[in-house]
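The values are calculated or read from the model by the stated rules, or taken from the named source; none is laboratory data. Because the structure is predicted, anything quoted here is derived from the model rather than measured. All Cβ positions, even for glycine, are placed from backbone atoms using ideal geometry, and neighbour counts span all protein chains on display. Surface areas here come from the heavy atoms of the whole protein model, side chains and all, with no ligands, DNA or RNA. Shrake-Rupley method; radii C 1.70, N 1.55, O 1.52, S 1.80 Å.
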Amino acid sequence: MLFENSMVSDLFAAVVCCGVIFAFLLLWQVTAKCGLDQKLNRKLVHISIGLVFMLCWPLFSAGYRGAILAAITPGVNIIRMLLIGSGIWKDEATVKSMSRYGNYRELLKGPLYYAITVTLACVVYWRTSPIGIAALCNLCAGDGLADVVGRRLGRKKLPYNRNKSIAGSVAMATAGFLSSVGYMYYFSYFGYIQESWGMILGFLVVSLASALVESLPISTELDDNLTVSLTSIFIGSLIF
């Protein structure tokens, strides 16, 4: 903790965490305005926000209060997505940095599912469960890099889904797995979890399952932020 008083420490950590996340969001809004490719910019938001948020978790206390106060940041983003996506709040910079086609109503789908997943992973699983790690790493690093790599190297398409590529699926499984292992060691350094080869193997299974589901046509129809998150949590719950 940052201070001896746990309440003061958690409140200060919440302010710091919120400042860091919204600084990143502001950065991607600026890059969007400066003309960075909209698809790439959107995926940089997708990859970075959840992973940076997880890096802030050790700032908070170990109890449930720490998890709740940490969840304020993505919780606020849920409200932002609802307000902007419904048209109540006009924010063209956010729409441009997070949407595929520049339509504000897109924020009520993928970006909203993303914010909900990050919030629930924080509150429900916190720092002591590999399920939360797997869910966020496959959602952020895995799904994010799948699109980036797929658009650049994805010449060979999957036989059962011509909108997805072999390179993208391999990138997703690899990035989701490696980031999960990285965060396992990160949280084990603070004593929150105990790293093991069994956990590493579990992360591999979850990442492969998430990449498979993401490659299916149904993920495009429903939204891969939703299907990847549900798959990671479901398979993770069976394994860990």
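Computed values, structure above
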read-out	value
The chain - mean residue ellipticity at 222 nm from DSSP helices (-39,500 (n - 2.57) per run, n ≥ 4, rounded to 500)	-22500 deg cm²/dmol
Whole-number Å³ per residue for the convex hull built on Cα positions in region 32-95	92 Å³
Hz values of 3J(HN,Hα) by residue in region 29-41 - Karplus curve (6.51, -1.76, 1.60), Gly and Pro given as x	5, 5, 5, 5, 5, 7, x, 4, 2, 4, 5, 5, 4
Residues with amide H under 5 Å from that of LEU158, placed H, sequence gap 5 or more	LYS164, SER165, ILE166
Positive dipole terminus of the chain, leading residue within ALA32, VAL181, SER6 (C-beta point charges)	ALA32
Pairs beyond 26 Å (Cα-Cα), from LYS43/LYS157; LYS90/LYS164; LYS33/LYS109; LYS96/LYS156; LYS109/LYS156; LYS43/LYS164	LYS90/LYS164; LYS96/LYS156; LYS109/LYS156
For the chain: rounded, prolate or oblate by the Cα gyration tensor [a/c cutoff 1.5]	oblate
List SER232, SER188, ordered by accessible area with a 1.4 Å probe, largest first	SER188, SER232
Lys/Arg +1, Asp/Glu -1 at C-beta; the chain dipole; positive extreme among ALA134, LEU212, PHE53	LEU212
LEU216 paired with ILE79, simple spin-label distance in nm, labels 7 Å along Cα-to-beta-carbon	3.6 nm
ARG155-LYS33 pseudo-label distance in nm [points 7 Å out on the Cα-to-Cβ vector]	4.0 nm
Cysteines in the chain lacking a second Cys C-beta under 4.7 Å	CYS18, CYS34, CYS122, CYS137, CYS140
Within the chain: Cβ-based charge dipole about Cα centre, in debye rounded to nearest 20 (Lys, Arg +1; Asp, Glu -1)	820 debye
Computed lengthening from ARG105 to ARG162, 0.36 nm per intervening residue step minus Cα-Cα distance	17.9 nm
Accessible surface, per residue, of region 1-127 when the full set of protein chains is kept, probe 1.4 Å, Å²	47 Å²
Rounded to whole Hz, the Karplus (6.51, -1.76, 1.60) HN-Hα couplings of region 201-209, x for glycine and proline	4, x, 4, 4, 4, 5, 5, 5, 5
Percent carbon-and-sulfur accessible area, the chain, ignoring ligands, DNA and RNA, probe 1.4 Å	69 percent
Accessible-area value, LYS96, 1.4 Å probe, nucleic acids and ligands omitted, Å²	90 Å²
Estimated dipole of region 128-239 in Debye, rounded to 20 [Cβ of Lys and Arg +1, of Asp and Glu -1, Cα centre]	520 debye
Residue-wise HN-Hα coupling along region 143-152, computed from phi with Karplus coefficients 6.51, -1.76, 1.60 (Hz; x: Gly, Pro)	5, x, 6, 4, 6, 4, 5, x, 5, 9
Cut-off 18 Å, label 7 Å out along Cα→Cβ of ASP91, residues of region 1-45 by amide N	15-34, 41-45
Solvent-accessible ranking of TRP126, TRP89, largest area first, probe 1.4 Å	TRP89, TRP126
